[in-house]
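The values are calculated or read from the model by the stated rules, or taken from the named source; none is laboratory data. Predicted, not measured: the structure shown is a model, and the values here were computed from it. Note: ideal-geometry Cβ built from the backbone for every residue, glycine included; neighbour counts use all protein chains shown.
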Amino acid sequence: MNKAVIIAGKTIPMRLKNRSELKGVFTDALLMFSFYDIEYMGAQFVVLESKTAVHLTPVQCKKLTSNLSAVLGKPCVIMFDQLASYERNRYIEQGVYFVVSGKYVFLPFFLINARDSAPINKERLQPAAQYLLLYHLQRKSLEGCTLSDMEKLLPYNYLAISRAVRQLKATYLVDVEVSNNGTKRIHFEKEGKQLWEVAEPLMQNPIKSVWYADEEVAQGVVGGINALSHYSELNPERMQTKVIYDPEFRKAKEIGALPDLNILDGGTRIEVWKYPPVIEKEDGFVDRLSLVLSLREEDDPRVEKEIELMIDRLWLKE
């Protein structure tokens, strides 16, 4: 039985998926929902219509739809008969995609398709696109990943990752391969040092602003010359440099978790970054390639030499 849903005043047909198309879907989900395929504004996704009166919490819905999206290879959207405003807000906070036919939708991935005609900056990578590349180069390969796969690994939501992939594709750093079932996976045109050398001119300095504090700063990780000293033979500086991701900096500043700050001088230099450093949880230093980008303007020959050696060591495994 096929149905339709109204989105932005348009009636969009939904096709009921056959049981054979739902391989890998756990039994509880099959008992709770009917699964429909739908295509709107060039995006394909799956609508889940409840068969029972049981209502899941927003947290449960997020876990459910994330798992089902991974199994089905498409974003999963829950269809509700109605939602109060406070309920909508709770689902949005959890990042649960939903539709109330003819009334409300929360489908952020549509914005990518709606903006396909908008010009793409091919001169400088946005922070999310830069982070994605640096993560792939230094921490874990993202080759063959879907957007949903990357949403589980990266500190960005589905929408931001979609925009990042779109920009990387426009700058010929990645390609997007579409399988027979419509699943989109990214493929990197180059790897390792070759990818870095092509992408580096497009990358921006991660530093958004610089502050100073007289006291030691507990937040963040070590950056600047002292991070380079950690990765090289360069002697450390007396002044410590701490790196804090912009949203975390603003939050810490609002709740008074940081010492008195100024923009002139102090015992600790604080770099506020546009994206979080790509680090392992147990490490306390910024990643090597972001460090290189943050030290671009240093004109000390010793620093330049150690940066070159550090990069060479990074690719020795090739």
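Things worth noting here:
- Qualifying positions in region 259-318 - of a type in the set (V, I, T) and outside any loop (DSSP other than H, G, I, E, B): T268, I270, V272, V292, V303, I307, I311
- Positions within region 285-306 being within 27 Å of the chain's Cα centre (by Cα) and either of a type outside the set (S, T, N, Q) or at pLDDT below 90 (or both), in sequence order: F285, V286, D287, R288, L289, L291, V292, L293, L295, R296
- Pick from region 18-60, criterion under 20 Å from R88 (Cα atoms), aliphatic (A, V, I, L, M) and without any contact (Cβ under 8 Å) to a residue 40 or more places away in the chain, ranking: surrounded by the most Cβ atoms within 10 Å (Cβ to Cβ): V46
- Residues within region 155-192 that are under 18 Å from A43 (Cβ atoms), in contact with a His (Cβ under 8 Å, 6 or more places away or on another chain) and either surrounded by 20 or more Cβ atoms within 10 Å (Cβ to Cβ) or β-branched (V, I, T) (or both), tallied: 1
- When we screen I207, I161, I225, I186 for residues that are aliphatic (A, V, I, L, M) and farther than 21 Å from Y245 by Cβ, the only hit is I186.
- Scanning region 112-132 for residues being modelled with pLDDT under 80 and in a helix (DSSP H, G or I) gives a total of 3.
- Counting only residues that are exposed (fewer than 15 other Cβ atoms within 10 Å of the Cβ) and either under 16 Å from V272 (Cα atoms) or among the polar types (S, T, N, Q) (or both), region 217-252 holds 5 of them.
- Test set (1) modelled with pLDDT of 90 or more; (2) more than 16 Å from H136 (Cβ to Cβ); (3) among the small types (G, A, S) - A199 fails condition number: (2)
- Tally of residues being in a loop (DSSP other than H, G, I, E, B) and more than 21 Å from S69 (Cα to Cα) across region 172-218: 14
- Within region 157-183, the residues that satisfy the criterion of being touching a Lys or Arg at 6+ places or on another chain (Cβ under 9 Å), modelled with pLDDT under 85 and not hydroxyl-bearing (S, T, Y) are V178, N181, G182.
- Candidates K274, K251, K242, K208, filtered to the one that is farther than 22 Å from A129 by Cβ, among the basic types (K, R) and in contact with a strand residue (DSSP E or B) (Cβ under 9 Å, 6 or more places away or on another chain): K242
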